[in-house]
Amino acid sequence: MSKYTEDDLREELKTKEYEYGFYTDIESEKFPNGVNEDIVRAISKKKNEPEWMTEWRLEAFRVWLKMEEPEWANVHYKKPSFQDISYYSAPKKKPKLNSLDEVDPEMLATFEKLGISLLEQKRLANVAIDIVMDSVSVATTFKETLAEKGIIFMPISEAIQEHPELVKKYIGSVVPTTDNFYAALNSAVFSDGSFCYIPKGVRCPMELSTYFRINESGTGQFERTLVVADKGSYVSYLEGCTAPQRDENQLHAAVVELIALDDAEIKYSTVQNWFPGDAEGKGGVFNFVTKRGICENNAKISWTQVETGSAVTWKYPSCILKGNNSVGEFYSIAVTNNYQQADTGTKMIHLGKNTKSTIISKGISAGKSQNSYRGLVQIGSRAENARNFSQCDSLLMGNECGAHTFPYIETKNKSAQIEHEATTSKIGEDQLFYCNQRGIDTEKAIALIVNGFSKEVLNKLPMEFAVEAQKLLEISLEGSVG
Amino acid sequence: MLKIENLHAQIEDKSILKGLNLEVKAGEIHAIMGPNGAGKSTLASVIAGKEEYEVTSGLIELNGEDINELAPEERAHAGVFLSFQYPVEIPGVTVTNFVKTSINESRKAQGLEDMPAKEMLQKIREKSELLEIDRKFLSRSLNEGFSGGEKKRNEIFQMAMLEPKLAILDETDSGLDIDALRIVANGVNKLKSKDNAVIVITHYQRLLNYITPDFVHVLHDGKIVKTGDASLALELEAKGYDWIKEEVNS
Ligand SMILES: Nc1ncnc2c1ncn2[C@@H]1O[C@H](COP(=O)(O)OP(=O)(O)O)[C@@H](O)[C@H]1O
Ligand SMILES: [Mg+2]
């Protein structure tokens, strides 16, 4: 790895880019709209899946049929019609780009602003990128370097073929098919996603990274991610999203499962930037995600997320602290602007002794948006000396947005120590004038204040990701005060 | 440098400045004194362009240019600096980051590149030494948890970094103990040149022992009612403001 330079990377990705790049006009093979057992079977068949996988999907589908969409979240939207969605679309042929002109200019502009424009996108020498385009993974890089260490990092559809024993053992072990409405649907129809396995005692030498993207209008995106860190191993996993502008609402219901065995550590960082809808609240992605990790003895899982996109976000990355001395962390920045709605937070389930969890949530609301933090800290009866610290800060911009905090605490063990702090502040005229007086215009001043507010979380992101996230915050709040 | 003629300004229909005249030339130090509520901070805010204040009539010129229509940041780019009476907190933004942003935004407005990091660091070192500021202080969040004295010293540090043409110090002396006062005054004196000007707003004569003004003005009820040299400050210290009020009213 050490010999692999940034130039090599750039070179490799330049070719990859043109082969697989962000191309909007891909002829895709698409299933008819709607979902039933035949569709589920067809998806499984398309992927050439073994019998057990097909059965697993069908079981999930049967459960899903009996479930109802949850309504408890503080979000309001026109429910997607699940029979109007096509559950499978795969690029038929590899797209060929003749020039950059063929790329959605809106998207190019966003990439440029983020500093991940097509040309330099491939940026970071130590990031392997597994680009998921629509529902099928079309590019995987760095496979060999990883293979040397015995690390498996591949589309989950391939993993089902090549490492069925691992997938079978762990899939659904943290998020069971019966877990919730969206997780059940995902289990039935997921088309692809990523699989990652770090062997015992191995430290993954690079940040593993996946770019998700919705490409086909009206195609639901059901990604499935499974990360297994074997005993004493370490991995940092990055997930980032961009989506092109859409008129129709697009459903995204991913499931992410993390398994940290004894003494293992998983860092999972997300920058989520799905299309949030236009200034009137039209269009935009519905993001209903189930993310959960389980920690065995002395294991640690950290979720760090920067959420700026989506029309509606419903997402609670959680940790089950099953092993003794295990540690769960949740660091989150959620930005809502215009008509966006976010209901996000975490669950920390303390089961083992001396388990520790930290929750830092930063909500930023602008425009007419609604931003809710919902968190559960649960201490089981056998979790002696469990500790939790939660801090939820809200920053409001203007008078038409809302910030809400719903902390739930359930303790069945008296030795638990739980601390909760919450603040709400507003960007004041006086702060803006102070910055203006120092030559900093209002737009830049807001960015500065917001970055300061979010700092504790931004600091948790891998360096390069943090820079990108910072820019994303600025873009998301552009024109929100004036 | 600064010329103010017959300035009237109000906030929320309450008129505060009522026909104020003031001329400050390059190389000069002016002191503005006056009782609480006279309108001193209002004058400073109006010069700096705070939008809540409405200028109803009169003229403010900076280097011969009417600045009434300029945004506060544009005035800052033109060299106006205000040391606030009550500096605000910006959590999570370090003093260094803030000053760096401030300098680079001004440079950008002048079509210059960002200041090279090396130069920036050197300048920070130099100015923090001048003002006897511990460099650890610069890594703290701007004004968050600062003592009154630290806030004021930080204002002067920013002034030293930005090297403004016209600096307005609004009660920078209040909250400073005698040592800090000396350090701050020394800093201001060092930065003073024939090309820039300083307006010192103060309640007390104390600061003027260290910063010698060329002119002392008394602001009362929205107008400058008396102007003199440094000795006027001593007289005010001895006799208070009542005699001036009487003079005005008679
Ligand atoms: N934001 C405001 N709203 C209403 N009145 C104000 C405001 N700011 C200042 N004033 C009033 O204007 C007058 C002058 O205030 P100020 O300029 O702060 O005086 P000084 O700095 O000389 O003590 C005072 O009567 C004060 O109450
Ligand atoms: Mg005042």
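Restricting attention to region A:276-283, does a residue exist that is in contact (Cβ under 8 Å) with a residue 12 or more places away in the chain, open to solvent by less than 10 Å² (accessible area, probe 1.4 Å) and under 14 Å from the mean Cα position of the chain (by Cα)?
No, there is no match, as no residue in region A:276-283 is in contact (Cβ under 8 Å) with a residue 12 or more places away in the chain, open to solvent by less than 10 Å² (accessible area, probe 1.4 Å) and under 14 Å from the mean Cα position of the chain (by Cα).
A:Lys362 versus (1) basic (Lys, Arg); (2) more than 14 Å from chain B (Cβ to nearest Cβ); (3) in contact (Cβ under 8 Å) with a residue 24 or more places away in the chain: which is the lone unmet condition?
Against the list (1) basic (Lys, Arg); (2) more than 14 Å from chain B (Cβ to nearest Cβ); (3) in contact (Cβ under 8 Å) with a residue 24 or more places away in the chain, A:Lys362 comes up short only on (2).
For region B:194-202, check the following and say yes or no: at least one residue is within 14 Å of chain A (Cβ to nearest Cβ), within 16 Å of ligand 2 (Cβ to nearest atom) and either β-branched (Val, Ile, Thr) or touching a Ser or Thr at 6+ places or on another chain (Cβ under 6 Å) (or both).
Step one: of region B:194-202, the residues within 14 Å of chain A (Cβ to nearest Cβ) are none.
No, every residue in region B:194-202 fails to be within 14 Å of chain A (Cβ to nearest Cβ), within 16 Å of ligand 2 (Cβ to nearest atom) and either β-branched (Val, Ile, Thr) or touching a Ser or Thr at 6+ places or on another chain (Cβ under 6 Å) (or both).
Which residues, counting only those in region A:436-449, are aliphatic (A, V, I, L, M), assigned to a helix (DSSP H, G or I) and either facing chain B (nearest Cβ under 9 Å) or open to solvent by 30 Å² or more (accessible area, probe 1.4 Å) (or both)?
Restricting attention to region A:436-449, the residues satisfying the condition of being aliphatic (A, V, I, L, M) are A:440, A:445-449.
Next, only the ones that are assigned to a helix (DSSP H, G or I) stay: A:445-449.
Answer for region A:436-449, where residues must be aliphatic (A, V, I, L, M), assigned to a helix (DSSP H, G or I) and either facing chain B (nearest Cβ under 9 Å) or open to solvent by 30 Å² or more (accessible area, probe 1.4 Å) (or both): A:Ala445, A:Leu448, A:Ile449.
Answer yes if at least one residue in region B:75-87 is of a type outside the set (Gly, Ala, Ser), touching a His at 6+ places or on another chain (Cβ under 9 Å) and either more than 8 Å from chain A (Cβ to nearest Cβ) or open to solvent by less than 50 Å² (accessible area, probe 1.4 Å) (or both), and no otherwise.
no
Restricting attention to region A:405-431, which residues are facing chain B (nearest Cβ under 9 Å) and either modelled with pLDDT of 90 or more or open to solvent by 70 Å² or more (accessible area, probe 1.4 Å) (or both)?
Here is the first cut: in region A:405-431, the ones facing chain B (nearest Cβ under 9 Å) are A:425, A:428-431.
Of everything in region A:405-431, those that are facing chain B (nearest Cβ under 9 Å) and either modelled with pLDDT of 90 or more or open to solvent by 70 Å² or more (accessible area, probe 1.4 Å) (or both) turn out to be A:Glu429, A:Asp430, A:Gln431.
Going through B:Lys40, B:Lys3, B:Lys118 one at a time, which residue ends up being more than 14 Å from chain A (Cβ to nearest Cβ) and within 15 Å of the chain's Cα centre (by Cα)? Break it down stepwise before answering.
Numbers: B:Lys3 fails: within 15 Å of the chain's Cα centre (by Cα); B:Lys118 fails: within 15 Å of the chain's Cα centre (by Cα).
Answer to the check: B:Lys40.
Identify all residues within region A:452-479 that are without any contact (Cβ under 8 Å) to a residue 60 or more places away in the chain and either more than 9 Å from chain B (Cβ to nearest Cβ) or open to solvent by 20 Å² or more (accessible area, probe 1.4 Å) (or both); write none if there are none. I'd like the intermediate steps shown before the answer.
Let us first name the residues in region A:452-479 that are without any contact (Cβ under 8 Å) to a residue 60 or more places away in the chain, namely A:452, A:455, A:459, A:463, A:466, A:470, A:474, A:478-479.
Matches in region A:452-479: A:Lys455, A:Asn459, A:Met463, A:Ala466, A:Gln470, A:Glu474, A:Glu478, A:Gly479.
Quick check on my filter: what residues within region B:163-172 are buried (at least 22 other Cβ atoms within 10 Å of the Cβ), within 16 Å of ligand 1 (Cβ to nearest atom) and not hydroxyl-bearing (Ser, Thr, Tyr)?
Those that are buried (at least 22 other Cβ atoms within 10 Å of the Cβ), within 16 Å of ligand 1 (Cβ to nearest atom) and not hydroxyl-bearing (Ser, Thr, Tyr): B:Ile168, B:Leu169, B:Asp170.
Select from region B:20-72 the residues that are among the charged types (D, E, K, R), in a loop (DSSP other than H, G, I, E, B), away from ligand 1 (no atom under 14 Å from the Cβ) and open to solvent by 50 Å² or more (accessible area, probe 1.4 Å) and list them in ascending order.
Filtering region B:20-72 down to residues among the charged types (D, E, K, R) leaves B:23, B:25, B:28, B:40, B:50-52, B:54, B:61, B:65-66, B:69.
If we keep only those that are in a loop (DSSP other than H, G, I, E, B) as well, we get B:25, B:28, B:50-52, B:69.
So of that shortlist, the ones also away from ligand 1 (no atom under 14 Å from the Cβ) come out as B:25, B:28, B:69.
Scanning region B:20-72 gives B:Lys25, B:Glu69.
Got a number for residues in region B:38-85 being more than 13 Å from A:Cys435 (Cα to Cα) and within 13 Å of ligand 2 (Cβ to nearest atom)?
Adding up the residues that qualify gives 10.
Take the conditions more than 12 Å from chain A (Cβ to nearest Cβ), within 16 Å of ligand 1 (Cβ to nearest atom) and in a helix (DSSP H, G or I) and apply them to B:Lys152. Does it pass?
On the way: more than 12 Å from chain A (Cβ to nearest Cβ): yes; within 16 Å of ligand 1 (Cβ to nearest atom): yes; in a helix (DSSP H, G or I): yes.
In short, yes.
Quick one: B:Val93 ticks every box in (1) open to solvent by less than 10 Å² (accessible area, probe 1.4 Å); (2) more than 8 Å from chain A (Cβ to nearest Cβ) bar one, so which box is it?
If we test B:Val93 against (1) open to solvent by less than 10 Å² (accessible area, probe 1.4 Å); (2) more than 8 Å from chain A (Cβ to nearest Cβ), just (2) comes out false.
The values are calculated or read from the model by the stated rules, or taken from the named source; none is laboratory data. Remember, predicted model here, so these are calculated numbers, not experimental data. Note: ideal-geometry Cβ built from the backbone for every residue, glycine included; neighbour counts use all protein chains shown. Quick note on the areas: whole protein, heavy atoms, side chains included, nothing else; ligands and nucleic acids left out. Shrake-Rupley method; radii C 1.70, N 1.55, O 1.52, S 1.80 Å.
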